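Here the structure is laid out as structure tokens; the discussion comes afterwards.
The values are calculated or read from the model by the stated rules, or taken from the named source; none is laboratory data. None of the values given here were measured: they were computed from a predicted structure. Here the Cβ positions follow ideal geometry from the backbone for every residue, glycine too, while neighbour counts run over all protein chains shown. Calculation scope for accessible area: heavy atoms of the full protein, side chains included, ligands and nucleic acids excluded. Shrake-Rupley method; radii C 1.70, N 1.55, O 1.52, S 1.80 Å.
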Amino acid sequence: MSAISSYARALAAATGTAAPIATVRHVHLSERPLVLVPLTLAGEANAPLAALVGTSQADPTLLVVPQPRNRDLRFAFAADLAAIVLPHVLGFAADAEELANGSRAHDAPQLILPNPAGLAFLRLFGRSTRFRATDGDYAVPPSVPLLGRWLTFFAERAEIPGSSLARAVTDLLSLHWATGQSALEDANLAAAMGWIDPPPGRDGPTSARLAEDPAHSPPAGPTTDPGFDNDILAPAIAAYDAVTDPAALPTVLARLRDVLRGQLQPTWDLVWRALDLLRQLPPGASVAGRWETDRARYTGFHTYMAEEGLPQARLDGAVAAARRLNRIEQAQSAYDAERAFDDPLVMADHRVTGEAFQGTVVAVDRDRRVPNGRGKGRLVTRPLLTVRTEDPVRLTLGTRVVASSRRKQECLIVAIDSPGADNGAGADGGRSATGAALITLEAQSGMGRSAAPAPGSVPEAGETLCYSAVLADGVRSVAMPDAADTPWTHGGPPEPYEPNERDTAEVWD
């Protein structure tokens, strides 16, 4: 937990209402998301019990498995879910734009789940259906394995930091608000919403306590409350099992559907209420770029399914796992950097730790030229900026930094001067405990190709800037005193979808 988040939680506990920890929205929200609220049967491995699914709050579809231990009914549920999910998911691929290296859909589907446990259900349900055979013994409709492969794709994308294709609402709320309860309690959607948007006349703690009462607020799933299981659900399923007269079956099913809808509807309403709250925040500047990557990944997987369509493996091989871990680590670094540059509150975390500083430009040597180090007397433009800051600075000489308002201009720290400082050799990076620090920066890029810097490309005296060692491409800068002329390499376009190692003969039962 960061210093700003810790302070915000303490503030929320003191005031009784959630404190914002973001000024912009750091996730893309679709105009028509597909919301899925699942329930599973306790004591069974990922046995679906019911689900509310749809793209409209006013018109959800209720799917029920009257006897979750019956495999035929479970896969009938999967076929019904596929009939809703697949047309929505596949419909976005028809509208695509042509690019130099392929096509990319103008939009992509977005799956919204109540909590991380819902995403885990998505992953396990995709695993249990994507290998199903469509002929022979225990055959299922072709839509069932196709649904499993798409659910697996969304579950895998949910593990990529910054991706918006599949998200849990509780994670989105925790990204933008801090409550006065623990992170574990924030996983309870009703409790988190009680802090963020309490009903009139109640504060956060009171609303959260009521939300933890399953009689007042049913769990957001996918597991149900034991009291509900024993007192209501078990008798309703037993009544279904005991039916011998077909004429009595509709009445029994209607009762079972009513009790399950009663468990799902409060969570369904909370999800949409949370989405409305998130929409009130303006999107961050980098959100659109990450959504472009999501659209490219969606289009690549759709093309792969149309051309080959083999199911994802149960487990990655060693090489595939290493590549995936590398992609996740790179995405996390880029996501952290983009959030910091988009949001002053997120950047404040880096300022507190000394990885960033905000100050006023007090001096500029705009026309400074130095040898480029390659011989032949060639000179390059390297202006010097002196920034006065009151922030604690724990950066060393040679560290590359970028200003949040000038992301294309990298600077090199060449001097740190403050009362009692040791110019970078001490534990505080050259800044004393009291007094302002003067940071001298050498501008490295973003000034045009001519000998004289382009107008406006170099900060002016009196300009207030916030510099950070978290570079725009997500790579944390390290000291590079001899690399003044080394170009910084940024990430290229997103890679097309590449399937992992396959075992197409395997069928998961």
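Within the stretch 8-44, count every residue that is within 26 Å of Glu338 (Cα to Cα) and part of a loop (DSSP other than H, G, I, E, B).
13
What are the residues in the stretch 56-74 that are in a loop (DSSP other than H, G, I, E, B), open to solvent by 10 Å² or more (accessible area, probe 1.4 Å) and farther than 16 Å from Pro114 by Cβ, if any? Give the derivation first.
Going residue by residue through the stretch 56-74, those that are in a loop (DSSP other than H, G, I, E, B) are 56-60, 65-70.
From what's left, open to solvent by 10 Å² or more (accessible area, probe 1.4 Å): 56-60, 66-67, 69-70.
The answer is Ser56, Ala58, Asp59, Pro66, Gln67, Arg69, Asn70.
What do you reckon, is Arg339 among the charged types (D, E, K, R) and open to solvent by 60 Å² or more (accessible area, probe 1.4 Å)?
Values: among the charged types (D, E, K, R): yes; open to solvent by 60 Å² or more (accessible area, probe 1.4 Å): no.
Here the answer is no, as Arg339 does not meet what is asked.
Name the single residue, out of those in the stretch 288-315 being of a type in the set (Gly, Ala, Ser) and in a loop (DSSP other than H, G, I, E, B), that is modelled with the lowest pLDDT. Before you say what the answer is, go through the steps one by one.
Filtering the stretch 288-315 down to residues of a type in the set (Gly, Ala, Ser) leaves 288-289, 296, 300, 306, 309, 313.
When the remaining residues are screened for being in a loop (DSSP other than H, G, I, E, B), the result is 309, 313.
Numbers: Gly309: 79, Ala313: 86.
That would be Gly309.
Go through the stretch 200-216 and give me each residue that's open to solvent by less than 50 Å² (accessible area, probe 1.4 Å) and under 20 Å from Leu278 (Cα atoms).
Gly204, Ser207, Ala208
If only one of Leu49, Leu90, Leu63, Leu29 is touching a residue at least 40 places away in the same chain (Cβ under 8 Å) and closer than 27 Å to Asp258 by Cα, which one is it? Write out each step before concluding.
Numbers: Leu90 fails: closer than 27 Å to Asp258 by Cα; Leu63 fails: touching a residue at least 40 places away in the same chain (Cβ under 8 Å); Leu29 fails: closer than 27 Å to Asp258 by Cα.
Being touching a residue at least 40 places away in the same chain (Cβ under 8 Å) and closer than 27 Å to Asp258 by Cα holds for just one of Leu49, Leu90, Leu63, Leu29, which is Leu49.
Could you check how many residues of the stretch 367-398 are in contact with a Ser or Thr (Cβ under 9 Å, 6 or more places away or on another chain) and open to solvent by 10 Å² or more (accessible area, probe 1.4 Å)?
Residues flagged as in contact with a Ser or Thr (Cβ under 9 Å, 6 or more places away or on another chain) and open to solvent by 10 Å² or more (accessible area, probe 1.4 Å) within the stretch 367-398 amount to 11.
Which of the following residues is buried (at least 16 other Cβ atoms within 10 Å of the Cβ) and in contact (Cβ under 8 Å) with a residue 60 or more places away in the chain: Arg279, Arg295, Arg327?
Every option except Arg295 fails the conditions.
How many residues are under 26 Å from Gln265 (Cα atoms) and in contact with a Ser or Thr (Cβ under 7 Å, 6 or more places away or on another chain) if we restrict to the stretch 124-143?
Result for the stretch 124-143: 1.
Looking only at the stretch 226-248, decide whether some residue is open to solvent by less than 40 Å² (accessible area, probe 1.4 Å), in contact (Cβ under 8 Å) with a residue 40 or more places away in the chain and not in a helix (DSSP H, G or I).
No, the stretch 226-248 has no match at all.
Consider Ala83 carefully, then state whether it is assigned to a helix (DSSP H, G or I), modelled with pLDDT of 95 or more and of a type in the set (A, V, I, L, M).
Yes: the conditions hold for Ala83.
Is it true that Asp80 is acidic (Asp, Glu), open to solvent by 40 Å² or more (accessible area, probe 1.4 Å) and out of contact with any strand residue (DSSP E or B) (no Cβ under 7 Å at 6 or more places or on another chain)?
Values: acidic (Asp, Glu): yes; open to solvent by 40 Å² or more (accessible area, probe 1.4 Å): yes; out of contact with any strand residue (DSSP E or B) (no Cβ under 7 Å at 6 or more places or on another chain): no.
No, not satisfied.
Taking the stretch 190-199 only, how many residues are without any contact (Cβ under 8 Å) to a residue 40 or more places away in the chain, open to solvent by less than 40 Å² (accessible area, probe 1.4 Å) and in a loop (DSSP other than H, G, I, E, B)?
0
Please report, ordered by residue number, the helices (runs of 4 or more DSSP H) entirely within the stretch 101-189 with at least 1 residues that are in contact (Cβ under 8 Å) with a residue 24 or more places away in the chain and buried (at least 20 other Cβ atoms within 10 Å of the Cβ).
On the way: elements: 116-129, 143-158, 169-176, 183-186.
Hits in the stretch 101-189: 116-129, 143-158, 169-176.
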